[in-house]
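Have a look at the structure below before the remarks.
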Amino acid sequence: SQRLVASALVPFGQNGRSEKAPLAIHFTPGSQYSYSGEGYNYLQIVVTRLLGQSFETFMTRWLFEPFGMTSSRYAWNGEAARRMARPHDPDGKATDNTRSTESGVARYGSAGALLTTPVDYAKFVIEVIQPKPADALRLNPASVREMLRPHVQIDGGDSPASWALGWQVF
């Protein structure tokens, strides 16, 4: 079938592409779940082009500042370096962190380049769990319900789970 051929040609699934194997859709959206960093990247491109500002600027203005996330950012700087834990190799030796660049953030920031602290991330999660009243910066109750509504059931596991819009819900 065409779907099987596409799967064989795209080694990264729906989460990446190469010059030899372009990104492909392997199932009807909403019928299954498969993480797609590319999907977040496309959304980032749309938002930044429509608003005419960088992803870092957008996230700072519309998320970090309003939610009091003063230790969060995407591009590496001295402040981020000072606050970050260092990874360790299999022998327990500390290694250097990967340093995000402005150009990397501009292209891939939304798919996993967030530099944050546990306290800042908790501020974000609290806003999702107990959102303040909707305003220009916060979603209205209907949008929050839609964001957290189960969209795709996940089979297996110890407890029933689903994927919502960017969230796994139990």
(message) Nearest 500 deg cm²/dmol is fine: what mean residue ellipticity at 222 nm does the chain get from its DSSP H runs of n ≥ 4 alone, each adding -39,500 (n - 2.57), divided by its residue count?
(response) -10000 deg cm²/dmol
(message) Can you list residues from other chains, or at least 5 along the same chain, whose modelled amide H is less than 5 Å from the amide H of residue 161?
(response) 154
(request) Note down the accessible area of residue 110, probe 1.4 Å, to the nearest 10 Å². (result) 40
(request) Once you have the Cα-Cα distance between residue 153 and residue 24, take 0.36 nm times their residue separation minus that, and quote the gain in nm to one decimal. (result) 44.2 nm
(message) Using the basic label-point model (7 angstrom from Cα toward the beta carbon), what is the residue 146 to residue 97 distance in nanometres?
(response) 3.5
(message) Just want the answer: with Cβ charges of +1 for Lys and Arg and -1 for Asp and Glu, which residue in 131, 119, 103 is farthest toward the dipole's positive end in segment 33-154?
(response) 131
(request) Can you pull the one-decimal nm distance between simple spin-label points at residue 122 and residue 42, each 7 Å off the Cα toward Cβ? (result) 3.7
(message) Sort 123, 20 by heavy-atom solvent-accessible area, probe 1.4 angstrom, most to least.
(response) 20, 123
(request) Beyond 23 Å, what share of the Cα-Cα pairs of the chain is found? Please give it as a whole percent. (result) 55
(request) With all protein chains present, calculate the accessible area of residue 91 using a 1.4 Å probe and round the result to the nearest 10 Å². (result) 140
(request) Using amide H atoms built 1.01 Å from N in the peptide plane, name the residues 5+ places from residue 100, or on other chains, whose amide H lies under 5 Å from its own. (result) 76
(request) Quick one: accessible surface of residue 76, probe radius 1.4 Å, all protein chains present, in square angstrom to the nearest 10. (result) 50
(request) Within the set of other residues whose C-beta is less than 13 Å from the C-beta of residue 81, count the net charge using Lys and Arg as +1 and Asp and Glu as -1. (result) +3
(request) Pop the C-beta distance of residue 167 and residue 82 into the FRET formula with R0 = 22 Å and round what comes out to the nearest 0.05. (result) 0.10
(request) Please get the size of the charge dipole for segment 19-148, origin at its Cα centre, with Cβ charges of +1 on Lys and Arg and -1 on Asp and Glu, quoted in debye to the nearest 20. (result) 140
(message) Heavy atoms only, 1.4 Å probe, whole protein assembly: order 40, 108 by accessible area, highest first.
(response) 108, 40
(request) Please work out whether segment 118-158 counts as rounded, prolate or oblate from its C-alpha gyration tensor, where a ≥ b ≥ c are the square roots of the eigenvalues and a/c under 1.5 means rounded, while otherwise a/b larger than b/c means prolate and anything else oblate? (result) oblate
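The values are calculated or read from the model by the stated rules, or taken from the named source; none is laboratory data. Predicted model only: the values in this text are computed from it and were never measured. Counting neighbours? That spans all protein chains shown, and the Cβs are built from the backbone with ideal geometry, glycine included. Areas reflect the complete protein model, heavy atoms only, side chains present, ligands, DNA and RNA absent. Shrake-Rupley method; radii C 1.70, N 1.55, O 1.52, S 1.80 Å.
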